Amino acid sequence: MPKPGGTTVSVGHQVDSDHQLARLLQIGVVLEEVVEARSYHHYQSIDGEPQLDPEIESLLEHVVEESADHRERLEDLIDQLNADSVPFEQIEALVEAQYGATEPDDFDDILYDQLCNEETAYKFYDDLVGALRASEASFSIHRDRLIDVLVGIREEEAQGVKEVTTLMNTRQ
Amino acid sequence: MNTADQYVKAIYLLQRMEDAPASTGALADRLDVSPASANEMIGKLESRGLAEHEKYKGVTLTDEGIVRARDALQTYCIIERFLANVLSVDEFRSEARELEPVIDDLVAERLDTIIDRNADCPDCFDPETDACCHLEIVAEHAEAGEQRAD
């Protein structure tokens with residue numbers, strides 16, 4: 001029977017090749033770069049505010065550093081798969097180009113945006129770790145080391161969700 | 001995207017292509033699963049109020065199913081567009097199909113903040129080419145289409 005549209009999809013949640021893994025790690029890098037660029041943007045935007053909020057300023061500063069660190073850890077894994085990463089400048093330019101349409105209005109919006117960032121990143125790493133654990137494929141990177149790195153990043157994202165939520169609650 | 005979402009998306013596209021209910025065989029074929037697996041999932045979609053199955057005719061999405069399918073299709077468009085425009089992946093369609101089960105809607109929404117998607121999404125999606133009609137289809141895909149037509 002001819003396949004409608006000539007295409008099929010594979011229903012499942014497995015990661016089974018170096019290529020697919022490298023692509024997912026690239027997506028992780030882009031997510032971190034989006035966080036880094038947006039946080040930097042927010043940080044810059046509140047810098048000139050008359051009523052600077054030190055807690056939010058400190059949070060954004062921390063987020064920028066943490067995302068850069070996560071990006072480096074992911075890039076290290078991508079290197080081992082002989083794939084290329086995605087240049088930060090490229091993503092920064094895209095964030096810049098689209099930022100106007102999604103720019104937060106005030107401090108609460110900035111916190112909400114940060115919460116979305118942290119939750120999204122957590123979900124991404126959690127799904128990726130789940131897919132890797134469900135797969136029996138072997139990769140150029142040692143599986144245990146790969147999962148350890150991703151679990152480590154995931155836990156820092158979970159901590160980030162807690163920190164932003166706490167800050168949001170104290171401001172209510 | 002979870003399995004149920006992949007099914008409603010496939011049913012939606014088959015319905016659109018045929019302008020008729022989607023047959024279980026065509027659905028199983030599109031999703032590369034056995035007809036028994038497709039039947040089992042159709043039963044689950046029916047019990048969740050997302051689809052209706054009529055013997056010898058096929059499966060039709062309910063209004064709720066259509067909303068869910070359009071959301072899933074939008075997520076898929078984001079993945080394709082991200083691969084093609086941000087990562088410059090030539091085989092963005094085949095890679096999107098591979099990545100679809102692992103990319104959550106939440107993640108796609110964040111990727112959406114850096115891509116320039118058309119306002120008509122997901123109506124821009126062409127089920128025949130399996131791609132957003134605003135994305136350029138590279139030569140390799142055009143050749144694959146010709147082979148299918150043969």
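The values are calculated or read from the model by the stated rules, or taken from the named source; none is laboratory data. Since the structure is predicted, the reported quantities are computational estimates derived from the model, not experimental observations. Glycine gets a Cβ as well: all are built from the backbone with ideal geometry, and neighbour counts include every protein chain shown.
A few points about this structure:
- Test: residue in region B:81-102 that is in contact with a Gly (Cβ under 6 Å, 6 or more places away or on another chain) and assigned to a strand (DSSP E or B): no
- Matching residues in region B:86-122 - criterion: being among the basic types (Lys, Arg) and within 7 Å of chain A (Cβ to nearest Cβ): B:97, B:110
- Residue A:128 being at pLDDT 85 or above, crowded, with 20+ Cβ neighbours inside 10 Å and either in contact with a His (Cβ under 7 Å, 6 or more places away or on another chain) or not β-branched (Val, Ile, Thr) (or both): yes
- Of the numbered criteria (1) more than 25 Å from residue B:109 (Cβ to Cβ); (2) facing chain B (nearest Cβ under 10 Å), the one residue A:138 fails is (2).
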